[in-house]
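Contents: one structure, followed by commentary.
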Amino acid sequence: MTPFHLAFPVDDLETTRGFYCDKLGCEPGRSSETWFDFSLFGHQMSAHLKTGDNTDASSGAVDGKAVPIPHFGVVLTIDDWKALAGRLEAADDIDWLHKPMIRFEGEPGEQATLFIRDPSGNTLEFKGFASLDAVFAH
């Protein structure tokens, strides 16, 4: 599998760098005065200092929960997901949208999931699967 690349807007580069690198444990990469790259579980992310408004009040419903659109995140093994969920739950300053939970329990595609916001208001979802073969199960 090859990594994806995603560029997204942020309000403050240093606060964002602290969130992704210190809270989530991401490895920092190249940077400039207006952006920085980091590895999000092996995927290339680029946080760009935004100019203008990036608000979007759209949401959809998944398994009975309101889910902000847009959002992004990573699919993890269940062990990696549990480690991340534990690290986030231990922090006292995480902006939770949905705390760790199991979605589609007992169904194809059963997954652990959590939703948080970064300091710029971007929504992230992290999913954990007992078997990555179930990611596209239906």
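The values are calculated or read from the model by the stated rules, or taken from the named source; none is laboratory data. Just so it is clear, the model here is predicted, and its values are computed rather than measured. Glycine gets a Cβ as well: all are built from the backbone with ideal geometry, and neighbour counts include every protein chain shown. Heads up: the accessible areas ignore ligands, DNA and RNA and are worked out on the full protein's heavy atoms, side chains in. Shrake-Rupley method; radii C 1.70, N 1.55, O 1.52, S 1.80 Å.
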> Looking only at residues in the stretch 68-81 that are closer than 15 Å to A112 by Cα and within 14 Å of the chain's Cα centre (by Cα), which one is surrounded by the most Cβ atoms within 10 Å (Cβ to Cβ)?
Replying inline: W81
> Could you list, in sequence order, the residues of the stretch 1-16 that are assigned to a helix (DSSP H, G or I), out of contact with any Pro (no Cβ under 7 Å at 6 or more places or on another chain) and surrounded by 12 or more Cβ atoms within 10 Å (Cβ to Cβ)?
Replying inline: L13
> Applying the selection to the stretch 95-134, what residues are under 20 Å from F41 (Cα atoms), of a type in the set (D, E) and surrounded by fewer than 18 Cβ atoms within 10 Å (Cβ to Cβ)?
Replying inline: D133
> Would you pick out the residues in the stretch 102-138 that are outside any loop (DSSP other than H, G, I, E, B) and charged (D, E, K, R)?
Replying inline: R103, R117, E125, K127, D133
> Quick check, is G29 modelled with pLDDT of 90 or more and either under 15 Å from H5 (Cβ atoms) or in a strand (DSSP E or B) (or both)?
Replying inline: yes
>> Suppose we filter the stretch 84-94 for residues that are surrounded by fewer than 14 Cβ atoms within 10 Å (Cβ to Cβ) and part of a helix (DSSP H, G or I); how many remain?
In response: 4
> Between a first residue in the stretch 64-77 that is small (G, A, S) and a second residue that is open to solvent by 20 Å² or more (accessible area, probe 1.4 Å) and in a strand (DSSP E or B), which pairs have beta carbons less than 9 Å apart while being 6 or more apart in sequence or on different chains?
Replying inline: A66/S59; A66/G60; A66/L97; A66/H98; G73/K127
> For residues in the stretch 16-37 being without any contact (Cβ under 8 Å) to a residue 24 or more places away in the chain and under 13 Å from the mean Cα position of the chain (by Cα), which is farthest from A91 (Cα to Cα)?
Replying inline: C26
